[in-house]
Amino acid sequence: QVQLVESGGGLVQAGGSLRLSCAASGRSSSSYSMAWFRQAPGKEREFVAGINWNGGSTNYADSMKDRFTISRDNVKNTAYLQMNSLKPEDTAVYYCAARPFHIMVVSGAYYYWGQGTQVTVSS
């Protein structure tokens, strides 16, 4: 079992930055691939970025790869999402997720989820 707790969300003006954190605990959490998804009101949950167990491989949604950076610190058992040049359309609840083995872009492939953190970008 892996527990995930997100933090770092909030209200920011367009063009600003936020860094989200996802603290993982539980058995072998450092060996899991981690990912960030987001869900805006009335929309489906969408993949944002993923990182494999040692940080050697990352994957991004095309619309976010130039502005967002995913990273992880396995000593702290924490994954991060650095978000720059934020836009109002980035407003959503951001979720951290974990799964063994490879990064996947479909939410159904992830075994464990955090409770989500709200990001609101004002224009």
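The values are calculated or read from the model by the stated rules, or taken from the named source; none is laboratory data. The structure displayed is predicted, hence computed values, not measured ones. Neighbour counts run over all protein chains shown; Cβ positions are idealised from the backbone, glycine included. What goes into the accessible areas is simple: the full protein's heavy atoms, side chains included, and nothing from ligands, DNA or RNA. Shrake-Rupley method; radii C 1.70, N 1.55, O 1.52, S 1.80 Å.
In summary, the convex hull built on the alpha carbon positions of region 1-67 has an orientation-averaged projected area of 5.7 nm². Relative contact order of region 51-120: 28 percent, from C-alpha pairs under 8 Å at least 6 residues apart in sequence. Sorting TRP53, TRP113 by accessible area puts them as TRP53, TRP113; the probe is 1.4 Å, largest comes first, and only protein heavy atoms count. For LYS87, the lysines whose Cα falls under 18 Å of its own Cα, not counting residues fewer than eight places away in the same chain, are LYS43, LYS65.
Averaging 1/r over every pair of different alpha carbons in region 15-123 and inverting the result gives a Kirkwood radius of 13.8 Å. Heavy-atom accessible area, probed at 1.4 angstrom with all protein chains present, ranks VAL48, VAL12, VAL105 as VAL105, VAL12, VAL48, highest first.
Hey, what did the chain get for relative contact order, percent, Cα under 8 Å, at least 6 apart?
On the way: 317 pairs, mean separation 44.5, N = 123.
That works out to 36 percent.
Evaluating 6.51 cos²θ - 1.76 cosθ + 1.60 at θ = phi - 60° for every residue in region 60-71, the Karplus couplings come out as 10, 5, 4, 6, 10, 5, 8, 10, 10, 9, 9, 8 Hz, glycine and proline recorded as x. Note on SER25/SER57: beta-carbon distance plugged into 1/(1 + (r/R0)^6) with R0 of 30 Å gives a FRET efficiency of 0.85.
In plain terms, the chain from ALA14 to THR120 could stretch by 37.2 nm, reckoned as 0.36 nm per residue minus the Cα-Cα distance. Close amide-amide hydrogen proximity is noted between LYS87 and GLY15, each under 5 Å apart and 5 or more residues distant or on a separate chain (H modeled in the peptide plane; Pro and chain starts excluded). Expressed as a whole percent, the accessible area of the chain that falls on carbon and sulfur atoms is 48 (1.4 Å probe). Average accessible surface for the chain: 52 Å² per residue, computed with a 1.4 Å probe over protein heavy atoms with every protein chain in place. For region 16-31, 3J(HN,Hα) computed residue by residue from phi via the Karplus equation (6.51, -1.76, 1.60; θ = phi - 60°) reads x, 10, 9, 10, 8, 10, 9, 8, 10, 9, x, 4, 6, 4, 6, 9 Hz, glycine and proline entered as x.
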